Amino acid sequence: MNNLIGMPLMKTFSLTLAAAVLASTMATGCAPLLIGGAMVGGVSVATDRRTSGTQLEDETIEIKAGARIREKFGDRVHININSYNRVVLITGETRNEADQAEVERLVAGVENVTKVMNETAVTMLSSLSSRSNDVLIQGKIKTQLIDARDLLSNAFYVVVERGQAYLMGRVTEREANRATEIARQVSGVKKVVRAFEIISEEELARITPKKQ
């Protein structure tokens, strides 16, 4: 009897876990880090425009910052931490300005962080349906970037919070403008915030692996 009951439960659990893993790979970025809300996925190491050392530092920044916020606030806030080339984007919600400022202070104090973009909102914490919708929008943007033949989709780090799309990455002005245009046309996107590190076409040519 117990085995018969356990099998469908295990199957349900497996499907749920698979769905969670799939969701965590729909947007570009470092290793996934969730602090109560929207997900961030992973880019291909081979085509990442950061050095391998920087990628590791970004992942470590996300883990350390997340741990500090969880320890300080628990579930009192909904915060997402995303680091790209040591620039940290903070999104989500806090219930008051004091918590908002403290979140930024904690993140800024993490080793190797060079800049903090605090895009949190002082408001009620977002609902599960709102966060799920953000995941869907992230997937749509990523799909459009993949379909764009003139862009390398893995060069972009996409974060969506409350319908606002944040675009990060080491890209040229041409690439930044094209990706911004694409994101703005995706249904559900309320606003596109550019958080790029702009590089020259010459720099892009230098860091792009040569085809054999």
Would you check which residues across the stretch 181-193 are touching a strand residue (DSSP E or B) at 6+ places or on another chain (Cβ under 8 Å), crowded, with 16+ Cβ neighbours inside 10 Å and outside any loop (DSSP other than H, G, I, E, B) and list them?
A183, V192, V193
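Yes/no matrix, rows are residues, columns are (1) aliphatic (A, V, I, L, M); (2) modelled with pLDDT of 50 or more; (3) out of contact with any Ser or Thr (no Cβ under 8 Å at 6 or more places or on another chain):
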| position | (1), (2), (3) |
| --- | --- |
| M7 | yes, no, yes |
| F13 | no, no, yes |
| A20 | yes, no, yes |
| A46 | yes, yes, yes |
| L56 | yes, yes, yes |
| K64 | no, yes, yes |
| S83 | no, yes, yes |
| I90 | yes, yes, no |
Candidates V160, V107, V103, filtered to the one that is in a strand (DSSP E or B) and either crowded, with 20+ Cβ neighbours inside 10 Å or of a type in the set (S, T, Y) (or both)
V160
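So which residues in the stretch 67-81 are within 10 Å of V110 (Cβ to Cβ) and either in contact (Cβ under 8 Å) with a residue 12 or more places away in the chain or of a type in the set (S, T, Y) (or both), if there are any at all?
Narrowing the stretch 67-81 to residues within 10 Å of V110 (Cβ to Cβ): 67-68, 81.
Within the stretch 67-81, R68, I81 meet the criteria.
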Could you pull out the residue among L125, L167 that is in contact with a Phe, Trp or Tyr (Cβ under 8 Å, 6 or more places away or on another chain), modelled with pLDDT of 95 or more and surrounded by 12 or more Cβ atoms within 10 Å (Cβ to Cβ)?
L167
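Which of the residues belonging to the stretch 77-96 are of a type in the set (D, E, K, R), under 18 Å from R162 (Cβ atoms) and not in a strand (DSSP E or B)?
If we filter the stretch 77-96 for residues that are of a type in the set (D, E, K, R), which is where we start, we get 86, 93, 95.
Checking the rest, the ones that are also under 18 Å from R162 (Cβ atoms) come to 93, 95.
Of everything in the stretch 77-96, just one residue is of a type in the set (D, E, K, R), under 18 Å from R162 (Cβ atoms) and not in a strand (DSSP E or B), namely R95.
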If you check N154, N133, which single one turns out to be in contact (Cβ under 8 Å) with a residue 40 or more places away in the chain, surrounded by 19 or more Cβ atoms within 10 Å (Cβ to Cβ) and of a type outside the set (K, R)?
N154
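The values are calculated or read from the model by the stated rules, or taken from the named source; none is laboratory data. Worth saying up front: this structure is predicted, and the values here are computed from it rather than measured. Note that we place each Cβ from the backbone using ideal geometry, even for glycine, and neighbour counts take in every protein chain shown.
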